[in-house]
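Just so it is clear, none of the values below were taken in a lab; they were calculated from the coordinates. Given the structure is predicted, the values throughout are model-derived calculations rather than measurements. Methodologically, a virtual Cβ is constructed for each residue, glycine included, from the backbone with ideal geometry; neighbour enumeration extends over all protein chains shown.
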Amino acid sequence: MSIVAVKVLATVNAPYGTTLSAEQLASKISDPDSALSFDASAFSFFSEVDENLQVLFLDEMHVDQTIASDLAHKFSALAGYPLALARAA
């Protein structure tokens with residue numbers, strides 16, 4: 001596992017006691033339903049992971065940045081404050 005994935009997963013998994021793999025997280029951050037289900041792991045990625053690490057993780061996991069940005073916009077609206085990738089679009 002790359003250092004990028006390790007850092008991202010430590011940030012996302014530790015506070016919630018989850019054990020998501022990089023592939024599972026990539027699936028959640030590219031699924032529009034994650035916002036509808038208020039997925040804490042996906043929200044954590046967009047709100048707690050450093051923006052540069054977010055971009056590196058998206059590239060590494062081959063997640064379309066437009067799809068991730070759209071999901072960040074949805075989470076941003078739900079949270080009531082801007083998220084980094086939501087501003088990037």
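Looking across region 44-55 at every residue that is of a type outside the set (Ser, Thr, Tyr) and under 13 Å from Leu9 (Cα atoms), the one that is surrounded by the most Cβ atoms within 10 Å (Cβ to Cβ) is identified as Phe45.
Answer yes if at least one residue in region 27-39 is touching an Asp or Glu at 6+ places or on another chain (Cβ under 6 Å) and either farther than 15 Å from Ala84 by Cβ or touching a residue at least 12 places away in the same chain (Cβ under 8 Å) (or both), and no otherwise. Taking every residue of region 27-39 in turn, at least one turns out to be touching an Asp or Glu at 6+ places or on another chain (Cβ under 6 Å) and either farther than 15 Å from Ala84 by Cβ or touching a residue at least 12 places away in the same chain (Cβ under 8 Å) (or both). Close contacts from region 1-20, counting a first residue that is closer than 15 Å to Ala40 by Cβ and a second that is surrounded by fewer than 16 Cβ atoms within 10 Å (Cβ to Cβ), with Cβ to Cβ under 7 Å and a gap of 6+ residues or different chains, come to Thr11/Glu48; Asn13/Thr19; Tyr16/Ala40. The helices (runs of 4 or more DSSP H) found wholly in the chain and carrying at least 1 residues that are of a type outside the set (Val, Ile, Thr) and more than 10 Å from the chain's Cα centre (by Cα) occupy 3-13, 22-28, 33-36, 51-60, 65-79, 84-88. Filter region 10-43 for residues that are of a type in the set (Gly, Ala, Ser) and either in contact with a strand residue (DSSP E or B) (Cβ under 9 Å, 6 or more places away or on another chain) or surrounded by fewer than 16 Cβ atoms within 10 Å (Cβ to Cβ) (or both) and give the result. Listed by number, the residues that qualify are Ala10, Ala14, Gly17, Ser21, Ser27, Ser37, Ala40.
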